[in-house]
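Everything on this sheet refers to the single structure shown next.
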Amino acid sequence: MSSIKEHRLGEVELCSMDKAREALHCLLHTILFCRAPGAFKPETVYLNHFELAYARVSGTSVRRSVERAVDALLAEGGLKPAGPELLKGAVVLSFFNRRQNKALFGLVKNEEKCVWEQWMVPILIATTPLPTGDDETSVLERQRARVDRREHARVLLRAVAVAGHVHRERR
C-alpha cells in the first residue's frame, strides 16, 4: 500500500467570486507548473484583480481541466455556507499513476489510479454587499471589506508556499 503525500494550503479569504476564480486559477496552475515533469513551454498570465503574474504549463487540456475544477467549485452547490453571507469550499488536485490490474485469471484488465500526491486549496468567499451608511458599523464593515492588499498577500503567500513545498521535496 502506497502512502499519499498531502499538502493543505492555508485558507484563502476573498470578497468576490471573480477574485476567487482568479486566485484558484493562479494557485492550481502554480502547483501544476511546479510539479510538471519534463520539458514544457511556460506561459505567463497576468491577473486582473491582483498585482500578480504566474507561470502556467502551456496546453489547452491542462487549462480546460483547471477551468472545469474551478467552475465546478464555484457553481451552484459547489460551495457550502460557512456563516452569514460566507461560502466555503476547496479544490483537491491529485497526482496519480495509472496501473493495469489483471483479474479473473488474466482475462479482464482493469485500470486503477494510484494517487501519490494531493494538494488541497481551501477558499472562503464573503458575499456581503458593502454597506453605504455613515454609521460606525457601516464604516467598519467597508474597512474590513477593503482587503485588496491583504487578499493580494494571501494569494501570493499561498503561491510561495506551493513553491516552498516542492523545493523542499526535491532536495
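The values are calculated or read from the model by the stated rules, or taken from the named source; none is laboratory data. Everything quoted here is computed from the prediction, not taken from an experiment. Every residue, glycine as well, gets a Cβ built from its backbone with ideal geometry; the counts of neighbours run over all protein chains shown. Ligands, DNA and RNA are stripped out before the accessible areas are found, and what is left, the full protein with its side chains, is counted by its heavy atoms. Shrake-Rupley method; radii C 1.70, N 1.55, O 1.52, S 1.80 Å.
Do any residues in the range 42-58 that are within 12 Å of LYS19 (Cα to Cα) have Cβ atoms under 9 Å from those of residues that are in a loop (DSSP other than H, G, I, E, B) and of a type in the set (Gly, Ala, Ser), where the two are at least six apart or on different chains, and which pairs are they?
Correct list of pairs: HIS49/SER16.
So if I check each of GLU43, GLU76, which one is closer than 30 Å to THR128 by Cα and among the charged types (D, E, K, R)? Please lay out each step first, then the result.
Details: GLU43 fails: closer than 30 Å to THR128 by Cα.
One residue alone meets the criteria, GLU76.
Checking THR132 against (1) open to solvent by less than 80 Å² (accessible area, probe 1.4 Å); (2) on the phi < 0 side of the Ramachandran plot; (3) modelled with pLDDT under 80, only one condition comes out false. Which one?
Of (1) open to solvent by less than 80 Å² (accessible area, probe 1.4 Å); (2) on the phi < 0 side of the Ramachandran plot; (3) modelled with pLDDT under 80, only one is false for THR132: (1).
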